Amino acid sequence: MSPDSLSSLPSGSIERSTTANPQAVVFDVDGTLLTTDSLVLLARQLHRPWRYWQLALLFLPFWLGLKLRLIPAAIAKERFLSLFITSGSDLERQVEGSFQDLLLKHLRPAALRRLRWHQQQGHRVILCSASPRFYLQLLADALDVELVATELQRSPDGLWQPRLASPNCKGAEKVRRLQEYLGTIPEGQVEAYGDSAGDRELLQWATIPHYRSFGPEPRPYPPFTLGPLLPVVAVSLFAYGLLGVWSQGDQLLPILGRLWPQILTGLMLVLLGYALRYGRWRLLLHQLRLYPPIRADARIWMGSYAFTATPGKSGEAVRSLLLRETCGIPATPTLMALVVERITDGTAVLVLLLLNLPLLFRWQVPILLPLSVLLGIALPLGWLGRRPRRQGWLTTKLQRRLPGRLAHVSGDSLQSLRQLMQPTPLLLATGIGVVAWSLEGLALWLLLQGLGSTSISAGGAILAHTSAGLLGALSLLPGGLGSTEAGTVGLLTLQGVGVAVATPAALLIRLMTLWFATGLGVVFLIIGKAFTLDVPKTNHQ
């Protein structure tokens, strides 16, 4: 397909937009205007299939690090470029000719029709992409549009290099670059089209957003998306399978078959723990004088667990967004309730650790037990308690951890935090956390009993589970992946449980807690999406 032939394509029957006339129209490229990733398309164009897959295997660790949010996108992109494109080569010569036609063949028909419609209306059309300019300029020239993209460095002799000369044009950087490129836009009229989390800030900034849509009506970026969780789930389950086979060999499936009674009983204990935790959430909302409908609130509360496999569980902040959009409750107080929920989870774990340390170290000093309980509750909560500066420190840390859509609300949240930092609700919330964590520890103990390990006590299993959970939270890895499982195995082996038993038990308890909660959360989010309109707005004091 040549550039000239594009003008002869039928525009289709696209209705005139009912929204205000935009001053600029922005199209994301990869996955929006094109049906594929243009950088991957280039790599395939430059290498034979066998060589492409060799290089893809070398890039796999960086891809996993990117999907698990362990390395920045800019570093992964530079590594991709350095692998697939020889440093110092003349990239313009490599992509000229047939690659332009290849890009045009991958244009999404609906997106192209919409772009042509905007041009017919006299709108200023701009492509904005995180992919490099050196080949996207071919596409922009063929479509007769402007381009804002990631820039690469040039060597002294003028050749492109596989290193970024500008920040990666993704997320908030897209908005910054467009604002710089466009200057002052009358009335801020920008219409934007995007398809991924990298376009979220662009779609939120645009006056007329189109998320995965090319119709005339606006479609904003959704309050939540499950896409980023899929690689984490896939990698985790694959690793669990390998570890299970390594530890049990061909006996893995028979062992799972024998453990069904313990697994089902353990799941019932875990569900009871969720019910108690939801009661704690309602207690915190009551302290803030917030009373959303229980049915809607419970659905949203459980739905937020779909994002529990995020660093520090920060993804669960979607709970505040959904409560605001569904029940009309401001996000600030519910965010503070979520923070206090996490704090009392931590103090509950600390109480359980101190209570069960004598079991691990064989201490026989009864006076340590009440002292441990007192210190475990009083020290963390007293440190935060009624100290405005310390509470201010907490909100500052929160602001750094929250998603961009919610970070701005944490600055004026001290009043809600002070309401929650009262002795009675804090002690009750910590007590509920102690019981809920203990139920999960008992589920682990049942699994160990089913696997034939009778030497460890219920307290020892609770100690291993809670300690490993704390280690995973401190690691700030998504869901504590790797660190929690390794911690559970290590603490079980310290108490005399063999690795061949500790490994499947650790993997199973993670499936029954983290991944069971994630699965339930996804189900409740889907249900919530179907019934959102049926939930009435509620008044709050």
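The values are calculated or read from the model by the stated rules, or taken from the named source; none is laboratory data. Here the structure is a predicted model, which is why all the values come from computation and not from measurement. We place every Cβ from the backbone using ideal geometry, glycine too, and count neighbours over all the protein chains shown. These area figures cover heavy atoms from the full protein model, side chains too; ligands, DNA and RNA do not enter into them. Shrake-Rupley method; radii C 1.70, N 1.55, O 1.52, S 1.80 Å.
Here are the numbers:
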| item | result |
| --- | --- |
| From G194, G273, G266, G227, residue being under 26 Å from L338 (Cβ atoms) and modelled with pLDDT of 90 or more | G273 |
| Of all residues making up the stretch 414-430, the number that are hydroxyl-bearing (S, T, Y) and closer than 21 Å to A275 by Cβ | 1 |
| Within the stretch 45-69, considering residues that are among the charged types (D, E, K, R) and surrounded by 14 or more Cβ atoms within 10 Å (Cβ to Cβ), the one nearest to L103 (Cα to Cα) | K67 |
| Counted residues, the stretch 187-215 - those being among the charged types (D, E, K, R) and under 11 Å from G171 (Cβ atoms) | 3 |
| Any hit, the stretch 40-49, residues being farther than 22 Å from E173 by Cβ, at pLDDT 80 or above and in a loop (DSSP other than H, G, I, E, B) | yes |
| Single residue of the stretch 159-173 satisfying the filter (open to solvent by less than 30 Å² (accessible area, probe 1.4 Å) and part of a loop (DSSP other than H, G, I, E, B)) that is nearest to V148 (Cα to Cα) | C169 |
| Residue among T466, T484, T454 that is part of a helix (DSSP H, G or I) and without any contact (Cβ under 8 Å) to a residue 40 or more places away in the chain | T484 |
| Matching residues, the stretch 458-488, being surrounded by 23 or more Cβ atoms within 10 Å (Cβ to Cβ) and among the hydrophobic types (A, V, I, L, M, F, W, C) | A461, I462, L463, A464, A468 |
| Flag for A111 being crowded, with 19+ Cβ neighbours inside 10 Å and touching a strand residue (DSSP E or B) at 6+ places or on another chain (Cβ under 6 Å) | no |
| Among the residues listed as L335, L322, the single one being over 23 Å from A468 (Cα atoms), at pLDDT 85 or above and part of a helix (DSSP H, G or I) | L335 |
| Test: residue in the stretch 288-304 that is open to solvent by less than 20 Å² (accessible area, probe 1.4 Å), assigned to a helix (DSSP H, G or I) and polar (S, T, N, Q) | yes |
| Close pairs from the stretch 123-146: first on the phi > 0 side of the Ramachandran plot and surrounded by fewer than 23 Cβ atoms within 10 Å (Cβ to Cβ), partner at pLDDT below 90 and assigned to a helix (DSSP H, G or I), Cβ under 9 Å, at least 6 apart | D144/P3; D144/L6 |
| Filter pass, R282 being open to solvent by 10 Å² or more (accessible area, probe 1.4 Å), at pLDDT 90 or above, touching a helix residue (DSSP H, G or I) at 6+ places or on another chain (Cβ under 9 Å) and basic (K, R) | yes |
| Selection status of L102, open to solvent by 20 Å² or more (accessible area, probe 1.4 Å), touching an Asp or Glu at 6+ places or on another chain (Cβ under 9 Å), assigned to a helix (DSSP H, G or I) and aliphatic (A, V, I, L, M) | no |
| The stretch 285-301 residues that are over 14 Å from G521 (Cβ atoms), paired with ones that are small (G, A, S) and buried (at least 21 other Cβ atoms within 10 Å of the Cβ) (beta carbon under 9 Å, 6 or more apart) | L285/A337; Q287/A337; L288/A337; L288/S416; L290/A337 |
